[in-house]
1. Residues in the range 31-68 that are open to solvent by less than 30 Å² (accessible area, probe 1.4 Å) and either without any contact (Cβ under 8 Å) to a residue 12 or more places away in the chain or among the basic types (K, R) (or both): how many?
2. Applying the selection to the range 130-151, what residues are surrounded by fewer than 12 Cβ atoms within 10 Å (Cβ to Cβ) and not hydrophobic (A, V, I, L, M, F, W, C)?
3. It is to be established whether one or more residues within the range 163-178 are open to solvent by 80 Å² or more (accessible area, probe 1.4 Å) and assigned to a helix (DSSP H, G or I).
4. Kindly indicate whether P118 is under 19 Å from the mean Cα position of the chain (by Cα) and assigned by TED's automatic domain parsing to the domain that holds Q192.
5. Within the range 8-15, identify whether any single residue is outside the structural domain of T164 (by TED's automatic domain parsing) and on the phi > 0 side of the Ramachandran plot, and answer yes or no.
6. If only one of L47, L6, L91 is part of a helix (DSSP H, G or I), under 25 Å from the mean Cα position of the chain (by Cα) and aliphatic (A, V, I, L, M), which one is it?
7. Kindly check whether there is at least one residue in the range 177-185 that is touching a helix residue (DSSP H, G or I) at 6+ places or on another chain (Cβ under 9 Å), farther than 19 Å from A88 by Cα and modelled with pLDDT of 90 or more.
8. Quick one: in the range 116-129, of everything that is part of a helix (DSSP H, G or I) and not small (G, A, S), which residue is surrounded by the fewest Cβ atoms within 10 Å (Cβ to Cβ)?
Amino acid sequence: MRISELAEASGVSLPTLKYYLREGLLMPGAATARTRAEYDGTHLERLRLVRALVESGGLGIAAVRAVIAALDDPPASPHELLGVAHHALPLPVEPIARSEEVVGWMHDLGWESCLRSPLLGALTRAVADVRAAGVPLPDTAVRAYAEAALRLAAVDVAIAARATSPAAALHTVVVGTVMIDPLIAILRRLAQEVESTRVLGA
């Protein structure tokens, strides 16, 4: 298909397509003339991923470029590939220096593989914000939240593992994380209603 047909099939404007090509986010088509190229289904798949990363995932061009580079020259394992996508996501809160308490939690949970993650600084900030708001956060509560989060992560990874291509797996991790977070928050509130009825209701 020609670039105009690619634009129509993807729903992406022609100027945006040309911008993605200039930035290296979309690979060039097969040249058929000096000013003409042909595109195929692989371009459409890549374009859908880029669009999802930018529009749904909220990633900047540099982060999208890192994800695309990992696709074009994939690391040795699917775990590392998904790690590239995971680290491309913006942090939920602005990180600060990680605390010894948070590092201790990682050891207690057996999550030593996370000790170098920038998320520990974000977790430290989130914990500080919770406590500054006057919400008690004992170690037992953190452990319970972490165990629940691990069960959610098992669902996420299982879905990504069933993806039909590396691009689909990246789409699942990046876009899925962004889009599923509100769903989880709503389910949590519904579950609070159920549990409150069970424990505190008449």
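The values are calculated or read from the model by the stated rules, or taken from the named source; none is laboratory data. It should be emphasised that the depicted structure is a prediction, and the values quoted were computed from it without experimental measurement. Cβ: placed from backbone, ideal geometry, glycine included. Neighbour counts: every protein chain shown. The area values use the complete protein model at the heavy-atom level, side chains included, leaving out ligands, DNA and RNA. Shrake-Rupley method; radii C 1.70, N 1.55, O 1.52, S 1.80 Å.
1. Let us first name the residues in the range 31-68 that are open to solvent by less than 30 Å² (accessible area, probe 1.4 Å), namely 37, 39, 43-44, 46-47, 49-50, 52-53, 57, 59, 63-64, 67-68.
Filter once more, so that each one left must be either without any contact (Cβ under 8 Å) to a residue 12 or more places away in the chain or among the basic types (K, R) (or both): 46.
Residues in the range 31-68 being open to solvent by less than 30 Å² (accessible area, probe 1.4 Å) and either without any contact (Cβ under 8 Å) to a residue 12 or more places away in the chain or among the basic types (K, R) (or both): 1 in total.
2. R131, G134, P136, P138, D139, T140, Y145, E147, R151
3. Keep residues of the range 163-178 that are open to solvent by 80 Å² or more (accessible area, probe 1.4 Å), which gives 164.
Filter once more, so that each one left must be assigned to a helix (DSSP H, G or I): none.
No, because not a single residue in the range 163-178 is open to solvent by 80 Å² or more (accessible area, probe 1.4 Å) and assigned to a helix (DSSP H, G or I).
4. Numbers: under 19 Å from the mean Cα position of the chain (by Cα): yes; assigned by TED's automatic domain parsing to the domain that holds Q192: yes.
Yes; evaluated as a whole, the condition is true for this residue.
5. In the first step, residues of the range 8-15 are kept if they are outside the structural domain of T164 (by TED's automatic domain parsing); the result is 8-15.
Subset that is on the phi > 0 side of the Ramachandran plot: 11.
Among the residues of the range 8-15, at least one is outside the structural domain of T164 (by TED's automatic domain parsing) and on the phi > 0 side of the Ramachandran plot, which makes the answer yes.
6. That would be L47, the only listed residue that is part of a helix (DSSP H, G or I), under 25 Å from the mean Cα position of the chain (by Cα) and aliphatic (A, V, I, L, M).
7. Going through the range 177-185, the residues touching a helix residue (DSSP H, G or I) at 6+ places or on another chain (Cβ under 9 Å) turn out to be 177-180, 184.
In the following step, the residues that additionally are farther than 19 Å from A88 by Cα were identified as 184.
In the following step, the residues that additionally are modelled with pLDDT of 90 or more were identified as 184.
Yes, the range 177-185 contains a residue that is touching a helix residue (DSSP H, G or I) at 6+ places or on another chain (Cβ under 9 Å), farther than 19 Å from A88 by Cα and modelled with pLDDT of 90 or more.
8. Initial filter on the range 116-129 (part of a helix (DSSP H, G or I)): 119-129.
Then drop every residue that is not not small (G, A, S), which leaves 119-120, 123-125, 127, 129.
Working: L119: 18, L120: 20, L123: 26, T124: 20, R125: 20, V127: 16, D129: 11.
Looking at residues that are part of a helix (DSSP H, G or I) and not small (G, A, S), I get D129.
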